[in-house]
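Have a look at the structure below, then the notes.
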Amino acid sequence: MPVYPPEPFRIKMVESIRLINQPQRELALEVAGYNIFNLRAEDIYIDLLTDSGTGAMSQEQWAAMIQGDESYAGARSFYRLQRAIKDIFGFQFFVPTHQGRAAESILCALTLEKGKFVPSNMHFDTTSANISIRGAVPINLITDEAKDPSVVLPFKGNLDIDKLRQFIQSTGPENIPLGMITITNNAGGGQPVSMENLRQVSEVYHEFGIPFFIDACRFAENAYFIKLREPGYTNKSTLEISREMFALADGCTMSAKKDAIVNIGGFLCMNNESMYKQACNELILREGFPTYGGLAGRDLDAIAIGLYDGLDETYLAYQLGQTAYLAGKLKEADIPLVEPPGGHAVYIDAGRFLSHIPPAQFPGQALSIELFRQGGIRACEIGSVMFAVPDPQTGIIQHPALELVRLALPRRVYTQAHLDYVANITAQIAVDKNRLPGYRLTYAPEFLRHFTAKFDKV
Ligand SMILES: Cc1ncc(COP(=O)(O)O)c(C=O)c1O
């Protein structure tokens, strides 16, 4: 029996949610062009679309926001955030950005040009798009075992070191101006990366003179997984583990909307001073003055506190425990999942669950539509809608290895009864799953199509 971890907080403020009836849900889907991103949030009962920016802030974060310094330049809020970032991440320089993708965009503008390559374990969609839009190529070098959802490994987010070395040697390090890794690996099931792997990745990139940047959105969850699963780290704090992880890199991109538990914000860190100066110029052009980036002073303060909230081990045990609980309930109902459950989300293997729907008809999309149709639940497709791309040479569509539906858990938001409801609706869908239709695209933009695409039933 899955065990639910009692919340390490009590509830001080509530936000009402409502379940609209089935005909209303059918109509809402039709109006949305069967894209759950187009639904109105007030029509959702349980919203597991993303853990990004959807967390509940602590009283300490709200209190800090009241003290936000809204000076255009040199605000106290900036220096408070600088202190926190230096303490945890240790990099020499940082610029605040309005969210993670803005940090990625600036990093890519500074490092990439047409025909270059950027390896990683797996780039997230915004990172891939930011690399591609510069004419460079994102390369995913996850281990082969990680592509099998049923394989249980402690660090399924690890980058395959042999593949990395081979890739660098065959491509030429001069064509790789940037090397990355994503912790935890969101696109591959929220899986962590071990410290040993981070160390090896760092060594290989540095051996070839390639700057190493970490996509750090879920660094605190990754650190806690290291504490739980990697020999030698049991007695280290998540703060110490985080410092050790970032000491291996030359910089990081961060969406603070995840492990800093804020509704908006991000930053880009680096050690290289000339890169920092260029980043400031880019920032002024796109985001704002270097001491506020794209944010208000109060947002900077919320991040400064939230970074420590996110590292709190009692909170992390609860957050990872919630994910494990939901995964356990779904497994009881024989729903195929990516194993083991990730930190911020449970990933349903929709390709296997709806094996009668081929990747070209988007099994993940079909399941996420059904979760809303039957239960008012919103989840996110992470499969062919998000990642299928035409081969640059042949034009033939290449589908990703996995067709997933991600049930992301907003931090400190939903309770055990909500998770039980989600598990029950999914089990109800399973009873008649072979009758679910596939979908076809009726509209799709060139980049990041999942946000605005429209669909119809096949
Ligand atoms: C691993 C990863 N990298 C980058 C991003 C982009 O961050 P943002 O949504 O703040 O732009 C996300 C967001 O979901 C993510 O999960």
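The values are calculated or read from the model by the stated rules, or taken from the named source; none is laboratory data. Fair warning: this is a prediction, and the values are worked out from it, not measured in the lab. Because the Cβ atoms are built from the backbone with ideal geometry, glycine has one as well, and the counts that use them run over all protein chains shown.
The criterion of at least 3 residues that are away from the ligand (no atom under 16 Å from the Cβ) and without any contact (Cβ under 8 Å) to a residue 12 or more places away in the chain is met, among helices (runs of 4 or more DSSP H) falling completely within region 200-314, by 273-286.
Applying the set (1) surrounded by fewer than 17 Cβ atoms within 10 Å (Cβ to Cβ); (2) at pLDDT below 95 to Q67 leaves exactly one unmet item: (2). Residues satisfying the criterion are absent from region 71-86 (criterion: away from the ligand (no atom under 15 Å from the Cβ), over 30 Å from N281 (Cβ atoms), modelled with pLDDT of 95 or more and in contact with a strand residue (DSSP E or B) (Cβ under 8 Å, 6 or more places away or on another chain)). For I181, indicate whether it is among the β-branched types (V, I, T), on the phi < 0 side of the Ramachandran plot and not in a strand (DSSP E or B). So I181 does not fit the description; no.
Among the residues making up region 401-445, those that are more than 21 Å from the chain's Cα centre (by Cα) and of a type in the set (D, E, K, R) are D420, D432, K433, R435, R440.
Have a look at Q92, Q99 and point out the one that is at negative phi, at pLDDT 95 or above, surrounded by 20 or more Cβ atoms within 10 Å (Cβ to Cβ) and not hydroxyl-bearing (S, T, Y).
Checking each option against the conditions leaves just Q99.
With respect to being more than 21 Å from M245 (Cβ to Cβ), touching a Lys or Arg at 6+ places or on another chain (Cβ under 9 Å) and more than 16 Å from the ligand (Cβ to nearest atom), P173 falls outside the description. Checking P23, P6 one by one, the residue that is under 23 Å from Y414 (Cβ atoms) and either more than 16 Å from the ligand (Cβ to nearest atom) or free of Cβ contacts under 8 Å to residues at least 12 places away in the same chain (or both) is P6 and no other. Looking across region 176-196, the residues that are more than 16 Å from the ligand (Cβ to nearest atom) and touching a helix residue (DSSP H, G or I) at 6+ places or on another chain (Cβ under 7 Å) come down to I176, P177, S194, M195.
When region 319-347 is limited to residues that are of a type in the set (D, E) and more than 13 Å from G188 (Cβ to Cβ), the one that is surrounded by the fewest Cβ atoms within 10 Å (Cβ to Cβ) turns out to be D334. Restricting attention to region 101-115, does a residue exist that is charged (D, E, K, R), assigned to a loop (DSSP other than H, G, I, E, B), more than 16 Å from the ligand (Cβ to nearest atom) and in contact (Cβ under 8 Å) with a residue 12 or more places away in the chain? Looking for residues that are charged (D, E, K, R), assigned to a loop (DSSP other than H, G, I, E, B), more than 16 Å from the ligand (Cβ to nearest atom) and in contact (Cβ under 8 Å) with a residue 12 or more places away in the chain, one finds at least one in region 101-115, hence yes.
Output yes when any residue across region 147-167 is among the charged types (D, E, K, R), more than 16 Å from the ligand (Cβ to nearest atom), surrounded by fewer than 20 Cβ atoms within 10 Å (Cβ to Cβ) and touching a residue at least 60 places away in the same chain (Cβ under 8 Å), and no when none is. Checked against the condition, which is being among the charged types (D, E, K, R), more than 16 Å from the ligand (Cβ to nearest atom), surrounded by fewer than 20 Cβ atoms within 10 Å (Cβ to Cβ) and touching a residue at least 60 places away in the same chain (Cβ under 8 Å), region 147-167 yields at least one hit. Just one of the numbered conditions (1) surrounded by fewer than 22 Cβ atoms within 10 Å (Cβ to Cβ); (2) at pLDDT 95 or above is not true of K258; which one? Unmet condition: (1). For region 88-98, check the following and say yes or no: at least one residue is farther than 15 Å from K277 by Cα, of a type in the set (A, V, I, L, M, F, W, C), away from the ligand (no atom under 16 Å from the Cβ) and assigned to a helix (DSSP H, G or I). Checked against the condition, which is being farther than 15 Å from K277 by Cα, of a type in the set (A, V, I, L, M, F, W, C), away from the ligand (no atom under 16 Å from the Cβ) and assigned to a helix (DSSP H, G or I), region 88-98 yields at least one hit. Scanning region 315-337 for residues that are of a type in the set (G, A, S) and either in a helix (DSSP H, G or I) or under 25 Å from I226 (Cα atoms) (or both) turns up A317, G321, A324, A327, G328.
With respect to (1) more than 16 Å from G266 (Cβ to Cβ); (2) in contact with a Lys or Arg (Cβ under 8 Å, 6 or more places away or on another chain); (3) among the small types (G, A, S), the lone exception for S105 is condition (1).
Taking strands (runs of 3 or more DSSP E) as the structural unit, no element lying wholly within region 353-458 holds at least 1 residues that are surrounded by fewer than 24 Cβ atoms within 10 Å (Cβ to Cβ), at positive phi and without any contact (Cβ under 8 Å) to a residue 12 or more places away in the chain. One residue stands out among those in region 52-70 that are closer than 17 Å to L311 by Cα and not in a loop (DSSP other than H, G, I, E, B): the one that is nearest to the ligand (Cβ to nearest atom), which is Q61.
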